[in-house]
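Written below as structure tokens is the structure these notes are about.
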Amino acid sequence: MTRYDRGFQRFLHLRLVVLLAAVVILGRLFYVQIIDDKYDRMATANIIRRPEVEFPMRGEVLDRNGEYLVRSRVCYDVMVVTSNIPKQGFDTVRMAQILGMDIEKLRSQISKARRSPRAPFLVTGYLSQEAKLILDEGHFDGFYTRFRTAREYPRKIGGNLLGYVSEVTAEQVKKFPYYEAGDYIGVGGVESAYETDLRGEKGVSYRIYDTHGALKGSYFDGAMDVLPVKGSQLVSTIDGRLQEFAEELMKGKVGAVVAIEPSTGEILVMVSSPTYNPDLMVGRERNNNYARMLHDQRNPQFNRAVKAKYPPGSTFKLVQGLIGLQEGVLRPRDMHPCSEGYSYGSRKMKCHAHRSPVDLRDAVATSCNAYFCYVFKDVITNPKYGAIREGVKAWNEYVYSFGFGRKLGSDFYGEGAGFVPTPEYYDRKYGRWNYGSVLSCAIGQGEMGCTPLQMANLAAIIANRGYYYIPHIIKGIEGRDSIDARFYERQYTMVDSVHFVPIVEGMWRGVNEWGTSGGAKLEGWDVCGKTGTAQNPNGKDHSTFLSFAPKDNPKIAISVYVEHGGFGATIAVPIASLIEELYLTDTIKRPNLVEQVLNMTPNYSHYDKMQKKYDAARAAKAKK
Amino acid sequence: MKNYYDSMSRGGNMSLFGNVDLVALGLYIALVLIGLLSITSASYDSESTSIFSMQHNYMKQLMWIGFSSVAAVVILLLERSYFHMFSYPAYVFGILMLLACLLFGREVNGAKAWFEFGSVRIQPVEFVKIATALTMARVMSSYSFNINRISDLAKIIGVLLLPLAIIIKQNDTGSGLVLGAFIFVMYREGLTKYLYFPAIFTVALFICSFIFAPEAIFITLLILFAAYTLLKTGAVLVHVRFLAAMFCAMILLAVATPLSAYQSIMIVCAIAAVALGIIAIKSRALMLLWPVMMYIYAMLFVPTCDFLFTKLEPHQQNRILTFVGMKSDPKGIDYNVIQSQIAIGSGNFFGKGYMQGTQIRYDYVPEKHTDFIFCTVGEEWGFFGTLFVISLYVALIFRLMRMGERIGETFGRVYCYSVAAILLFHVWVNVGMTIGLMPVMGIPLPLMSYGGSSLVAFTILIMIAIRLDASTDDKSVYSV
């Protein structure tokens, strides 16, 4: 019995061991299955991997007449999961043919993809719908397509104006939670400014995959999926035909054209030259095209119309005159002499030969430098301000009210502010300064910097006799009643409406009677205009022209700026005039003039030299 | 006590099938059917048109179940003395099979442990288990066998080591470790604590030697040793001085001589151990001698362990290192364990429902119908499923132990305990492996895992126990 007793003790011990083992296992099971929920998440992550984004169709942009400036077309990304490619391989030649790719390129892409055989890899993008169907028929295991959209430009105009679409950068992904790597985002122009309207809403779908990456169906039968929402259609203020014509005229010239409808602030034309065909920024050659533009020293990607800082030249005399009138230091009948220039101290501001003395209207018409030096001097040395410093400050306020030296607040991406010198600026630059130091501002030279948009806005202000609407490029958004309220408010300058009469009169005379802008005359339309010839350190003078028409109830205000174009009258005037003609009369009755403008090519030795130097530096770097 | 035995014994010599233990049989059938259900779920392919095609694993398993049933009936019909009689021949045959396998076998997953006949693969080690259990029972039930006599103990250890040696040679160490489960039986048969305590100590040291640095183990043991003698003697000051002297010596050696910290600790510990041993013998403080010997043993064992480890195959080293968390490779060995835990862990309370387990369906669990069949239970039936299945196993093991006690003679008892021990080992290692408690060893879950060898072997194993238990009164047949 004792033996049994000891045996029975040990039987009990061993039962305890079994129970203990079971308890340990059940305890661990309880922890893994019930307490720790990380396995639930890991299980879901296993089968779903990641939610699949369904890309929405990006919104279109129409011009003011309802024709497409930008459209979206369907295209496909070709993806590969190399582990699903059959062992015997696939017909590389046929595949390359379907995809329209180089065989070598295709092979290198596949070998890149093989580095992580189970992960989807982008072989190439921008596959047309027809090619996609052929690819589908080919039943290439391991390959599949992903729906995408690409931009399309029926008129091939407005590269800088419209911007382009590109994959998001890593920084953008970090900054904006909406985007994930591989998403598209608008860059520059309308695409960027109206990104949130154009992009639509991404859809998402949850699909189940097995461990080999094969698709097994949708998660919860698609109950959690979200369909993509197409982006909003935008109606632009741009006149497509006019824009195309303006771009044509600006070919071979560096500069900008901006035209505004004065009664609304709508931008009719916005050309930055050199421009580029926006189609270059779509498709497989995109990166090469982009690089080529990047190396072009004329910088086609730089939107001169809103970013450049040009000296306004003589066109700025209009502002000078208006300020003088408002300040009461100038009356329209006041005469000032001009002895082919204006002398101050030992120096002289030169002027061209014209009759002397002149009153305000004729000074505008003939673009007399001396006259406006007198006016400017009277403004800033006005005894009521006590010191020249205070005078310049007061003058600054006037200039700002015309939209210079600050951003206009347009809806355009990357709008520049230009530059208007302030007393503080002169302090920094000269330390002690006097009237002579700032005189060049009188005729829009020196430190003055304006964007072509600001100059066009000045034309609109004069056309409106004293106010403007903030220039904008989009006038309607699908699904919304109106655009931003700021575009419907009149922005008044500090100069009363009545003072604009003699200025407008002068501009009219300059075109229609005798003056510098005679080339802009258009029979039956009272065109008003002011030329400008801006000196610059890099070469020949810049040619600029500022105009609006007709004189009463103006329909178009325009600013043309051609770098190194010489006298304002030579290039800028005919370009502006032709654009006005097309817009106002719907026809061109001066084909000879068009021919003439097309053949005008200013000498850009300055840019050519830069390009040469840059290319040499690149070549040297490449050698290294 | 007596009542308990009465309740376990059975009166009268009834017909054979009437005496079959229905509880054990029921548990066996339940586990086999749950296994079949799980295999069906794990290998069901919705794209396949023919449900009853023999291509499917569940159809093959069904065939093996049929085969096992025949084997079961045959065993239950056999005279029970045959098992006693054929135990030695079976053992010899088993050893020959293992040797033949070593020579002509087929290599699967690096282990040369399989025979292949057409599409059927047989793993002889499954049947060697049966033969070994029978042989152990026969040796231990032989006249005047005393487990605590060195020669008798050597006999049974020899019986275990012979197949183990061949299995290790086959590179199938995982399957061989099951023979270690016989310590369970030996304990029941009265193995002295002076042998199994060192055995447990050895296992603990073995595991610790991978997880902790040897220095840490020695110092811990030293402190434990001091704590033990302190408890026995109550001489606080002596122990504080002793430990202080030890640590001072270690630091001095490490700083003042070119010896490394490890070497200093080893030297001081060795000197201390030898000195203590001498003191213990001289002062006849025998209670000191016992722990001192353990300590010296540890000092020899831990470095040997490290040395032996370097002799293991790289994949075995990796498995052990991964298991103790010293090496992480989510895409390698760890991958299996992580995926299996994800499947089981995502089952929650009630599971995802039969055939609804995503991890199983979509192939995320490797070996899902063989070694990792438990994942199907865990994912599709949740904690209730796993609790139920573990309970069935515990009930079967308990039942086998109870049958062993009930038989009342050594051959049957040793055999039943052997079956219980083998089952316990398999369930513990297999389930432990699926939930990250044990390293991956390629050991099937008894009765449930897909595979003919394993199912038939476990059927025979259990049926013999049931057969031995079915007629407990005719023990005369094998009185030697």
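Here, each number is a calculation from the coordinates, and none is a lab measurement. Bear in mind the structure is a predicted one, so any value in this text is a computation, not a measurement. Glycine also receives a Cβ, built like all others from the backbone with ideal geometry; neighbour counts cover every protein chain displayed.
Per-residue Cβ neighbour counts within 10 Å put A:V498, A:V364, A:V204 in the sequence A:V498, A:V204, A:V364, beginning with the fewest. Positive-end ranking of B:I223, B:V268, B:I464 along the dipole of the protein assembly as shown, with charges on Cβ about the Cα centre, is headed by B:V268.
Shown here for the range A:175-258: chymotrypsin sites (Phe, Trp or Tyr not before Pro) in loop regions (DSSP other than H, G, I, E, B) with at most 16 other Cβ atoms within 10 Å, namely A:Y178. Axis of helix B:124-140 versus longest Cα principal axis of chain B: the two differ by about 70°, to the nearest ten degrees. Amide H to amide H distances under 5 Å link A:M349 with A:Y342, A:S343, A:Y344, where only residues 5 or more positions off or on other chains count and H is placed in the peptide plane.
Loop exposure criterion: GluC sites (Glu not before Pro), DSSP state outside H, G, I, E and B, at most 15 other Cβ atoms within 10 Å. Applied to chain A, the longest stretch between such sites is A:341-477. With K and R counted +1 and D and E -1, the other residues having a Cβ less than 15 Å from that of B:L27 yield a net charge of 0. What the Cβ-Cβ distance of A:A485 and A:V204 gives, at R0 = 51 Å and to the nearest 0.05, is a FRET efficiency of 0.90.
The loop-placed trypsin sites (Lys or Arg not before Pro) in the range A:466-541, going by DSSP, that have at most 12 neighbouring Cβ atoms within 10 Å of their Cβ come out as A:R480. Projected label points at A:A214 and A:T264, each 7 Å from Cα along the beta carbon direction, are separated by 5.9 nanometres. Normalised by the number of residues in chain A, the average gap of Cα pairs under 8 Å and 6 or more apart makes the relative contact order 13 percent.
Counted without the sites themselves, the longest stretch of chain B free of GluC sites (Glu not before Pro) in a DSSP loop having at most 16 other beta carbon atoms within 10 Å is B:80-408.
3J(HN,Hα) along the range B:374-386, derived from phi through the Karplus expression 6.51 cos²θ - 1.76 cosθ + 1.60 where θ = phi - 60°, amounts to 5, 4, 4, 4, x, 7, 8, 10, x, 5, 5, x, 5 Hz, with x in place of Gly and Pro. Loop-located chymotrypsin sites (Phe, Trp or Tyr not before Pro) in the range B:159-228 (DSSP state not H, G, I, E or B) with no more than 16 neighbouring Cβ atoms inside 10 Å: B:F212. Projecting the Cα atoms of A:L215, A:V235, A:T169 onto the charge dipole of the range A:160-252, computed from C-beta unit charges around the Cα centre, puts A:L215 farthest toward the positive end. Would the range B:203-312 count as rounded, prolate or oblate if I go by the C-alpha gyration tensor, calling it rounded below 1.5 in a/c and otherwise prolate when a/b exceeds b/c, oblate otherwise? Oblate, since a/c reaches 1.5 and b/c is not below a/b. Summed over qualifying helices (DSSP H, 4 residues or more, each -39500 (n - 2.57)) and divided by its residue number, the protein assembly as shown shows a 222 nm mean residue ellipticity of -16500 deg cm²/dmol.
Residues A:L106, B:L62, ranked from the fewest to the most other C-beta atoms within 10 Å, line up as B:L62, A:L106.
Of the residues A:N288, A:V573, B:M250, the one whose Cα sits farthest toward the positive end of the charge dipole of the protein assembly as shown, with +1 on the Cβ of Lys and Arg and -1 on the Cβ of Asp and Glu, is B:M250. Using the Cβ-Cβ distance between A:S128 and A:T169 with R0 = 41 Å, the FRET efficiency computed as 1/(1 + (r/R0)^6) comes to roughly 0.90. Close amide H partners of B:Y450, meaning residues 5 or more places away or on another chain with modelled amide H under 5 Å apart, are B:T370. The mean number of Cβ atoms from other chains found within 10 Å of a Cβ in peptide B:385-394 is 3, as a whole number. Compared with the dominant Cα axis of chain B, that is its longest principal axis, helix B:261-282 is turned about 80°. In terms of other Cβ atoms within 10 Å, A:C450, B:C416, A:C338, A:C373 run from fewest to most in the order A:C338, A:C373, B:C416, A:C450.
Using the Cβ-Cβ distance between A:Q97 and A:R6 with R0 set to 56 Å, the FRET efficiency works out to roughly 0.05. Between the helical axis of B:150-169 and the longest alpha-carbon principal axis of chain B there is an angle of about 70 degrees.
Across the range B:288-294, computed HN-Hα scalar couplings (Karplus, 6.51 cos²θ - 1.76 cosθ + 1.60, θ = phi - 60°) run 7, 4, 4, x, 5, 5, 4 Hz from first to last residue, x flagging Gly and Pro. Normalising the average separation of contacting C-alpha pairs (under 8 angstrom, six or more residues apart) by the number of residues puts the relative contact order of the range B:203-312 at 33 percent. Residue by residue along A:8-20, Cβ atoms of other protein chains within 10 Å of the local Cβ number 4 on average.
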